[in-house]
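Taken together, the values in this text are just the output of simple stated rules run on the coordinates, not laboratory data. Source: prediction; values computed, not measured. Backbone-built Cβ (ideal geometry, glycine too); neighbour counts: all protein chains shown.
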Amino acid sequence: MSADILALARPEVPPLPAYNAGLSSQAVRARYGVDHIARLGSNENPYGPSPRVAEALAGLAGQVLHYSDADSTALREAIAARSGTQAGHIVIGNGSESILQMLSLALLSPGDRVLTQRPAFGLHEIYPRMMGAQVELLELTPALGFDVDAWCAALARGPKIAMLANPSNPVSCMFETAAFARLLAATPAGTLLVVDEAYVEYARLTPGFPDALPMLRDWGGAWIVLRTFSKAWGLAGLRVGYGIASDAALVQLLDRVRTPFGVNLAAQLAACAALADEAHMRQGVARTVLQRDAMAAQLQALGLRVAPSATNFLFVDLGRPNGPVNEALLARGVIVKPWKEAGFTQFLRISIGTDDDNARCLAALRTALAS
Ligand SMILES: *Cc1c(COP(=O)(O)O)cnc(C)c1O
């Protein structure tokens, strides 16, 4: 960037880290000359969405001349009915990441305090910093869990927003029901609790995972729960996520800062069709959870430390720098996510794929670790 361009930028912007989206399948194919790619870097659902999604999208070409419904009416009503709330409490985004951005745009001024976890989903930190907020990052416990005492103490200091992913990405740890209740009790009025449940459909199968919505309703503070169609529902490429908010007034604030037609026609149609076939989603999730536990055992048999997982991925401690191991995996067409944050550069985050892709990943890891 030239100096004159930098002088035009808001001071918050040039220091922001770029979001680390990893390598595309095409890039890996071209660079390493491999045919088969095992995509285990983005926590996608390898089984894809319900066949009803393809049916719903079949007539799309004839509709693309029209703008999408700016209010995503049908989708909000479907989500409201499923979650026992009203459509006025639901916000839809171009991926749930865009709702994180709306929250930052609508609520944060320079100097406002935001609390979140490290390591975490990068945008929990990047969007608040974009607005000039001060972000406090809490550390994990040595056992790779959330530090509940530290969270309670930091919440009591009254940050404007607290962003937590339950379960976490990339670690996959979770606040269990009792810990979540302690968090709520520690959070003062005036703090907005953002509970990012991107992996809730997987986590529900882990004993102890809290049923957050009724707990938040009983608590009575300001909150929003974020969920996505990108993971268990298999629609990552269409970009659609949603938030369920304590107050319709919060949704109305977000409406003022969001892109009016940010949720496109295909995304709205596909999400409605996917929601109507919950059985398909549940089958894929159940399969992934079994494969995850088998994969964790096999990684442990290689002598690796694997964090307990409530999601569709594993956070794996290689006990050595992740760069060379990641290169060896890429050379065999296996894409995972080597963590790049200080203190975690010996970890890989490995998404659970098909049996075939999981086996390729294990074989490539075995070879890489032996060299
Ligand atoms: C994947 C993920 C999201 C983003 O989902 P999109 O709806 O695809 O934007 C949000 N939060 C966490 C923790 C995630 O892992």
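Taking a span of 20 Å or more along the helix axis (Cα atoms) and a mean Kyte-Doolittle hydropathy of at least -1.0 as the rule, the DSSP H helices of the chain that qualify are 278-301, 355-370.
For segment 104-175, the Kirkwood estimate of the hydrodynamic radius, built from every pair of different alpha carbons, is 12.3 Å. Rounded to the nearest 5, the antiparallel percentage of DSSP beta bridges internal to segment 53-277 is 35%.
So if I place +1 on the C-beta of Lys and Arg and -1 on the C-beta of Asp and Glu, and nothing else carries charge, what would the dipole magnitude of segment 1-116 be about its Cα centre? I want it in debye, nearest 20. Result for segment 1-116 is approximately 260 debye, rounded to the nearest 20. Computed from label points 7 Å out along Cα-Cβ, the spacing between residue 278 and residue 139 is 4.2 nm. Take the Cβ atoms of residue 86 and residue 182, set R0 to 25 Å, and the FRET efficiency comes out at 0.30. A Gaussian network model of the chain, with springs between Cα atoms under 10 Å, assigns the largest mean-square fluctuation among 150, 307, 179 to 150. Using the Cβ-Cβ distance between residue 35 and residue 152 with R0 = 56 Å, the FRET efficiency computed as 1/(1 + (r/R0)^6) comes to roughly 0.65. Nearest 20 debye, what's the magnitude of the dipole of segment 251-300 about its Cα centre given +1 on Lys and Arg Cβ and -1 on Asp and Glu Cβ? With Lys and Arg at +1 and Asp and Glu at -1, about 120 debye.
Given springs between every Cα pair under 10 Å in a Gaussian network model of the chain, which of 187, 177, 116 has the largest fluctuation? Looking only at 187, 177, 116, the largest GNM fluctuation is found for 177. Looking at 81, 165, 134, which one has the Cα that reaches farthest to the positive end of the dipole of segment 53-277 (charges on Cβ: Lys, Arg +1; Asp, Glu -1)? My answer, from the dipole projection, is 134. For segment 1-96, the convex hull drawn through the C-alpha positions has a volume of 258 cubic angstrom per residue. What is the order of 82, 227, fewest Cβ neighbours within 10 Å to most? Ascending number of Cβ neighbours within 10 Å: 82, 227. Most tightly packed first, judged by the mean number of other beta-carbon atoms within 10 Å of their residues, the peptides 126-139, 92-105 read 92-105, 126-139. Packing around the peptides 193-199, 48-54, taken as the average count of other Cβ atoms within 10 Å per residue, puts them in this order, highest first: 193-199, 48-54.
Taking a spot 7 Å from the Cα of residue 205 along the direction of its beta carbon, which residues of segment 346-370 have an amide N less than 14 Å from it? 352-355, by backbone N distance to the label point. Among 300, 70, 152, pick out the residue whose Cα is farthest towards the positive end of the charge dipole of the chain, where Lys and Arg carry +1 and Asp and Glu carry -1 on C-beta, about the Cα centre. Towards the positive end, the residue furthest out is 300. In whole Å, what is the distance between the alpha-carbon centres of segment 168-184 and segment 211-266? Comparing the Cα centres of segment 168-184 and segment 211-266, I get a distance of 19 Å. For segment 53-277, the fraction of C-alpha pairs more than 28 angstrom apart is 28%.
Evaluated with a Cβ-only charge set (Lys, Arg +1; Asp, Glu -1), the chain carries a dipole of roughly 540 debye about its Cα centre, given to the nearest 20.
Take the Cβ atoms of residue 54 and residue 341, set R0 to 35 Å, and the FRET efficiency comes out at 0.35.
In this simple spin-label approximation, residue 27 and residue 363 carry label points 7 Å from Cα along the Cα→Cβ vector, and these lie 2.6 nm apart. With Cα atoms defining each centre, segment 282-339 and segment 53-128 are spaced 29 Å apart in the structure.
Taking 308, 159, 260 in turn, the Gaussian network model of the chain (Cα-Cα springs below 10 Å) assigns the largest fluctuation to 260.
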